[in-house]
Amino acid sequence: MLRAILQARTGRAYLAFQLATELRDYCNSSDQETRMRSRPFVFALCIALTTICVAVPAIAQTTFGTILGAVTDPSGAVVPNVTITITNQGENTSREVHSDGAGNYQAENMKEGIYTVNAKPQGFSELTINDVRLTARQTVRVDLKLIVGATTEKVTVEAVPELINTESQTISASVTSTEVLGLPANYRGAGSTSPYNLLAFLPGVTGDTFGNISVQGTGVNQAEYTMDGINTSSIRSSGPQREMFPSAESISEMKVQGAGGGVEYGGAADITTTSKSGTNTFHGSAFEYFQNAALDATRFTVPQVEKPAKSANTFGGSIGGPLFGKHTFFFGDYEGMRYRTQTVRQETVPSQDMRDGDFSAFCDSYNANQICNSTNPDASLQLHHLDGTPYPGNIIPTGEIDPRATAILQFYPLPIQGGPNNFELFNHTLNVPNPILSDQFDIRIDHTINTKQNVFGRWTYKNRRTVSPSGLLLPAETDFEHDNQIVIAHNYAITPNLINELRGGISRVQFGGNFPLDGPAFMEELGLNSLGPHFPPGGFPDFVFEPRGGIDAIVHTRPDPQLNNNFQINENLTWTKGKHTMKFGFDARRLHLITAWYSGSSAADDYGDFFFNGQYTGNNFADFLLGVPYYTYVTHTPPRNIDGTTTHYYGYAADTFRATQKLTLDFGVRISRMPPLYDPINLTNFDPSVPGTGRVIISADPRSLAATQPLWAKAVNACNDVNDIPGYAGPDPSFPCTPFLTSKQAGWPKQLRETYTNFAPRVGFAYRPFADNKTVIRGGAGIFDVTTLGAVFFSVAGIHDGFQGNFANVGFGEQDFFRFPDVQSPSPTNTGFGTQSFFTANQLKKKDPYSIQWNLSVERVLHGNTALRVSYIANRANQLTWSPNLNQPLPSAITPNPNPIPFPAWNRVRCRCAGAISTYESMQTELIHKYSHGLTFQSTWTWARNLSDTESWPRSGFDGEITGDAMNQYNLRGDYGNVGGTRKHRWITTMVDELPIGKGRALLGNAHGVLNGIVGGWRLSTILLVQTGPFDTPFLQSDTTGNSIFGFNRPDVAGNPNDFHHTAAQWWNPNVYACPGGVPGQDFESGTVILSCSNVIGRFGNAAPGSLVGPGTVNLSLGLAKDFQITERFRLKFESSFTNIPNHINFDDPRNNLSESSDVSPNGTFGQVLASRIGDAGGNRVGQFALRLEF
């Protein structure tokens, strides 16, 4: 009957029946004890298999690898039915497999480690191959060439390192424990124990200024991060949780899979870290790493600042070995960091006279009435009362100074440089402490149940604390990050041909902080109207002096109490049948994100933002003293944190078909369903289908309607015919009301965005044209997921239950003029029709992003342990998120623009919409040498071109889940250009070399005693990085289109700005630029490189995104270590390492704003380099010493 049911299932019927047959054969085996113990599991497995075969399978992660090969006799004929025993040397555990009729054998789901492969065939000598290295997710070919002889004769061969991938299309790179600990990356000297920064030195990986990485052209959110197979990516940002990595002591391998991944893996790039396990012998370490400012060089800055103090120690230890006999092993470690350092604060503060209202020094000549009559443009200020009457002698009477200004000034220090009355740029420059402390531990236990089953569990915990200076005299904020991950995995060889893996885990990251100033009490003291009455703790109001670049603003943004939680279960089943190895699996992830709501446009939110520009008295600080801002933000954040949950489902089915001894084919399909995060209260979306007003859609939960902020409802003139909003008097009948509906009333999904089921087929091949397996041609193509998580979700959270009004002040004496304690006019302009913005909507039918990847590689073992790979790698991402303003009018050359905006009821309507693309192509050459005479090196050159239309926002980094605002919603492809962080040429070389000197080595091989102690045991490690510069985009602040988007435009260009003699003072040629419609080189303000554009010509500038090429990077890092053998088992290591040892100055990105000037550069900053680079290994020299005891 079961057979009949299964046969009725088309497509999967034969597969299901064959799997059931395998289980039946197993249950009829003679191992009664094992069979009895396993019946419950087998019964459960049968149910799971039925589900897999009759339903849709899903994606799952694994860290296990495969050892396979062919068994042949001296003539090359295959030898079937040979028993092969594969033994993990560290744990002394074995698994038996048999060669099939074609002479092939295969051992699936093998843990990372070093193995022995043994064969005892009849009529042939026993063959043993030692030291077969298997890394995570690797397939290693170990062919067994038998020798005729008696079975009692033994032939032992040392395994040749797996230099090339002969079995699949996958392009990957990795660093082992030796390289994680030995390469001179000095990540422990940069304020973190996380080895995340080491990833940027792997082939195909490129870092940017901000510490983000791209793998083979992917965006930041297109790479998936896992630890022992459980996802560790940030839910909030869809990027790496950088501190989630375990201690370097417990890392066995870090692997980057950048192209051609199987359907088991979701993203186009997969970054997995595997942990160390204990072995059958005890081993461990104790260590201390030391960093000090004396070992570091001073970073280049303009103006030059002093080197900050630093004294840091990282210490700890590890131990692993057998536990409870020969079947249980443990490994544990502890690592602590005390990073005591300072950061340089360069601040500009008002002088004592200015605080007292005395601005007499701002004019160098007065008449008899104490009115300024100077002709010196730098010293001719004349302050005036609000009514325009001059202040004699530029002195404001003490009685006119607003008490709120006095209260704020208690948090402004007096100048340090030049004395208390010296008012100049950076007159308050000092080093302030910002220590970082962390403690972490990892513990892993492995247990072998029997020859067919094993299980392991790991717990990683990290507690990181930072002290972040707040600026000026505000107290420092203390923040914490708690990282937890628990992983449990069970591996079961049900039969030699049927392997099951069940894995589960939790990844949890919690952030929080404390700002010790009582913000709510201080706001009560200020007594500003229209703010509060509730103030979330941890904030401070924002007072801004414009134009910026003069007196420093004072503000404190409240800490973010954030929680990222991922509970994950995945299942993998591998079934080998003849030439086919079939894999099936599913993966379910319960995601939970809690975060506070922030407006994004306001630094202070509920505490208020107040801007002063001098329009009332002639000086911005004098306006502040009188309590008269020209512009304010009034914000009311939702009283409840954003709290979103969702469950993602993935699955896969794959077949690896070994068509011939030389050709392997891979076929697979992946399915995913990734519903958006859901918050029953805070979600709000915008429906543009209703002309003029659009529709506002909120969650259907009654608590969502009850949470609506009445001020927001009034600002958008919400209709109340369907829903009665508490505290809202109703719409103004003078204007159209904005429909306000719940998702249920509108017929929308509860997440306010559609959910799609995605299918992703993939194919690949590997062809070995010659019998020696030293050459392989491989390639493939496939579709990969791009997961959308918290950044897009955050866009629609906290809108209708919060409020932000932007209020422009008017002239003194006018009806709507206001001054402190009022922060808005009696008739607020922002609550009128069409003044409220919607930040930010999600497109209802927003398709899930995906990428299409294809690659072709040729690999060849050149000689011994050296191999060469040449690859073409391409990646096309589709349906990427971009951010247009849906309320943008069509451009016009007429002023004012006669074209209507689509939604007069709104100001701006930003959307997270689908439809953007990126295209990446590269040629990559890799030379690798492994494990030969103590030398391992990897050298890779990548020649890449990466284009995207999400590059409108000028920067030189990589995109994440969301991007900056698009310049023109009517021409998305107008933003198509070079991706900022990509380097056209990148050459990276890493090397670890145990120098061939001393006892048993090539030089002084007979050295003993003292001589060997001096010359032996040295190890050299290097990282060499040479790359061209990142791409950047010129921009200016003007509106030449008549579309009312201020501050975002590109100039016209005629010529190549990069064809120029590059200096730090002027990296690019500014004379090729003009205002849109202007003449290059003739639109600058006299004697400057500042474009002053006022003409409206109905279009944007034609300068392309990513058309500027910034400074390149040359970096040589060097490590030198010495081993001292104390006893046979104990050795002491002294290590020294220096990044950028020649301290080559790698310039940071030059300024790219053609409208910008500063007090340092009053004639414009475009093309100026103001500092050396800090990201992507471009920083100043950083040194580190270490002492390690290992056994």
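Just so you know, all these numbers are worked out from the coordinates, no wet-lab data involved. Because the structure is predicted, anything quoted here is derived from the model rather than measured. Cβ: placed from backbone, ideal geometry, glycine included. Neighbour counts: every protein chain shown.
Taking a straight Cα-Cα cut-off under 28 Å and skipping sequence neighbours fewer than 8 places away in the same chain, the lysines within cross-link reach of LYS462 are LYS111, LYS255, LYS276, LYS310, LYS1133.
Couplings 3J(HN,Hα) of segment 225-236, computed from phi: 10, 9, 10, 6, x, 10, 5, 10, 5, 6, 6, 5 Hz, in residue order, whole Hz [Karplus 6.51 cos²θ - 1.76 cosθ + 1.60, θ = phi - 60°; x for Gly and Pro]. Of the residues GLU524, GLU921, the one with the fewest other Cβ atoms within 10 Å heads the list, and the complete ranking is GLU524, GLU921.
Hey, how many Å between the Cα centroid of segment 877-903 and the Cα centroid of segment 419-447? A separation of 43 Å, based on Cα centres.
Rounded to 0.05, the FRET efficiency of the HIS863 and LYS1122 pair, given R0 = 25 Å and the Cβ-Cβ distance, is 0.25.
For segment 940-1002 and segment 582-656, what is the separation of their Cα centres, given in Å? Value for the Cα centre distance between the two parts: 28 Å. Specify whether the C-alpha gyration tensor of segment 157-231 places it in the rounded, prolate or oblate class, a ≥ b ≥ c being the square roots of the eigenvalues: rounded for a/c under 1.5, otherwise prolate if a/b is larger than b/c and oblate if not. Judged from the Cα gyration tensor, segment 157-231 comes out oblate (a/c at least 1.5, b/c at or above a/b). Centroid-to-centroid, using Cα positions, segment 1015-1031 and segment 763-833 are 38 Å apart.
Between ARG1131 and LEU517, the contour length at 0.36 nm per residue exceeds the Cα-Cα span by 215.9 nm.
The calculated FRET efficiency for the pair LEU473 and ASN422, based on their C-beta separation and a Förster distance of 25 Å, comes to about 0.90.
Between GLU921 and LYS154, full extension at 0.36 nm per residue minus the direct alpha carbon distance yields a gain of 271.0 nm.
Would you mind calculating the gained length between SER932 and THR660 on full extension (0.36 nm times residue separation, minus the Cα-Cα distance), in nm to one decimal?
So the chain would gain 94.7 nm between SER932 and THR660.
The residues ASP959, ASP609, ASP655, ASP552, when put in order of fewest to most other Cβ atoms within 10 Å, stand as ASP655, ASP552, ASP609, ASP959. Estimated from the Cβ-Cβ distance and a Förster radius of 41 angstrom, the FRET efficiency linking ILE1174 and THR645 is about 0.65.
Estimated from helices alone, the mean residue ellipticity of the chain at 222 nm is -2500 deg cm²/dmol (sum of -39500 (n - 2.57) over DSSP H runs with n ≥ 4, per residue). Residues within the reach of a label modelled at THR389 (point 7 angstrom out along Cα to beta-carbon, backbone nitrogen below 17 Å), restricted to segment 354-372, are 369-372. With a simple spin-label model that places each label point 7 Å from the Cα along the Cα-to-Cβ direction, the separation between ASN1163 and ASP131 comes to 6.6 nm.
The modelled label-to-label distance between LEU526 and ALA361, using points 7 Å beyond Cα along the C-beta direction, is 2.7 nm. In this rough spin-label picture, where each label sits 7 Å from Cα along the Cβ direction, the VAL870-PHE315 distance is 5.4 nm.
Coupling constants for segment 563-574 follow from the phi torsions by the Karplus curve (6.51 cos²θ - 1.76 cosθ + 1.60, θ = phi - 60°), and in residue order they are 9, 10, 9, 10, 9, 10, 10, 9, 10, 10, 10, 10 Hz; glycine and proline get x. Within straight-line reach of LYS326, meaning a Cα separation under 16 Å, sit the following lysines at least 8 residues removed in sequence or on another chain: LYS452. For Cα extents along the principal axes in Å, the value calculated from this model appears in [x] 208, 151, 71; [y] 110, 98, 57; [z] 119, 79, 57 under label [z]. Here LYS145 is the anchor, and the aspartates and glutamates within straight C-alpha reach of less than 20 Å, apart from those fewer than 8 places off in the same chain, are ASP73, GLU96, ASP100, GLU126, ASP131, GLU153, GLU158, GLU162, GLU167, ASP772.
Beta bridges per DSSP, both residues in the chain: antiparallel share near 90 percent. Close amide H contacts of SER1092 (hydrogens built in the peptide plane, cut-off under 5 Å, sequence separation of 5 or more or a different chain): GLU1085.
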